[in-house]
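Just so it is clear, none of the values below were taken in a lab; they were calculated from the coordinates. Just so it is clear, the structure is predicted and the values come from calculations on it, not from any experiment. Positions of Cβ are backbone-derived with ideal geometry, glycine not excepted, and every protein chain shown enters the neighbour counts.
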């Protein structure tokens, strides 16, 4: 049976040996194990490969051959642990932190510690049997890791270039900065080449990249970002995808005062940062965005609102080409 099929199977109480609540932090995670007898066991582990092995051995000692593990979906800190548990045959649920927060309030929980949070997550998982999570395919996880590494390198490159522009640098400091910049540029080129090679090796990713780069304003780097950070989700509409990226408009109204509409910025900051310059390029070169930009300028809209609208339009177009499997056509993209 395929692992994905196993993970989508409904969880039955009789199936499970125990429930594991996990509160994850950057350097460690706390767990609460609720055994079938109702007894609880607690432990803290390092958030590392060694810590994951420590947890596995501890579960074995307590006879927990397979658990239903619940942890909050709080970003990168818990991804490796969740994937390790899944690969070991456990059931895993990623929980909305807001749901756990409201669950704690409903139980009048006042203390806020890692141990208390692990208890709450275990209790919620045991009671509510939340939906099971399946990790992304390995090739998409690898692409995501490469895209995030490229983003980090570009950020470091910008910081060093800004330092190089500082007046009155001593020769030794200037030379050090130049050496770091050169090394970063070498690594940026290497990671970009690895992203290209990785996508070339996987037919689905290669085809999706070709579809996305057919859109004026979307290059290979932007296509990789969209495939790694946005279109890993099962969106049913382009508006859902735009909302996830945080580029949908949000009115600022209060009482009888009508405010201007602004970008909501509640979604992925990484996506918004990565789409900023492609949106500017698309405003200049994409026939589907040029009329939109002209209309907004004529209406007196500020530049940032126009760029936000271009980001949103790009996501809508990208959603369309991926869903249809057809390359960009300005006559079909609302030019």
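Pulled fully out, how much extra length does the chain show between residue 26 and residue 234, if you take 0.36 nm times their separation in residues and subtract their Cα-Cα distance? Don't skip to the answer; put the middle values down first.
Details: separation 208, 0.36 × 208 = 74.88 nm, distance 2.78 nm.
Difference between extended and current length: 72.1 nm.
If you take the alpha carbon radius of gyration of segment 78-214 and divide it by 2.2 N^0.38 Å, what ratio comes out, to two decimals?
In units of the globular-protein estimate, segment 78-214 measures up at 1.58.
What is the order of 244, 29, fewest Cβ neighbours within 10 Å to most?
By the 10 Å Cβ count, ascending, the order reads 244, 29.
If one takes the longest principal axis of the Cα atoms in the chain, at what angle in degrees, from 0 to 90 and to the nearest 10, does the Cα axis of helix 303-324 lie?
So the helix axis and the longest Cα principal axis differ by about 70 degrees.
Tell me the mean residue ellipticity at 222 nm calculated for the chain from its helices only (DSSP H runs of n ≥ 4, each -39500 (n - 2.57), averaged over every residue, nearest 500).
-18000 deg cm²/dmol
Which of the three applies to segment 136-201, rounded, prolate or oblate, going by the alpha-carbon gyration tensor with a ≥ b ≥ c and a/c under 1.5 meaning rounded?
Details: a/c = 4.96, a/b = 2.99, b/c = 1.66.
Judged from the Cα gyration tensor, segment 136-201 comes out prolate (a/c at least 1.5, a/b above b/c).
Give me 311, 156, 304 ranked fewest to most by other Cβ atoms within 10 Å of their Cβ, as a rough exposure proxy.
304, 156, 311
When 1/r is averaged over all different Cα pairs and the result inverted, which Kirkwood radius in Å belongs to the chain?
Hydrodynamic radius (Kirkwood, Cα pairs) of the chain is 23.0 Å.
How would 100, 280, 195 line up from fewest to most surrounding beta-carbon atoms within 10 angstrom?
Ascending Cβ contact count within 10 Å gives the list 280, 100, 195.
Using a simple spin-label model with points 7 Å from Cα along the Cα→Cβ vector, what separation in nm is obtained for residue 102 and residue 80?
3.3
How high is the FRET efficiency from residue 73 to residue 167, r the C-beta distance, R0 41 Å, rounded to 0.05?
0.35
Considering only DSSP beta bridges where both residues belong to the chain, give the percentage that are antiparallel (nearest 5).
Bridges in the chain that DSSP calls antiparallel: roughly 65 percent.
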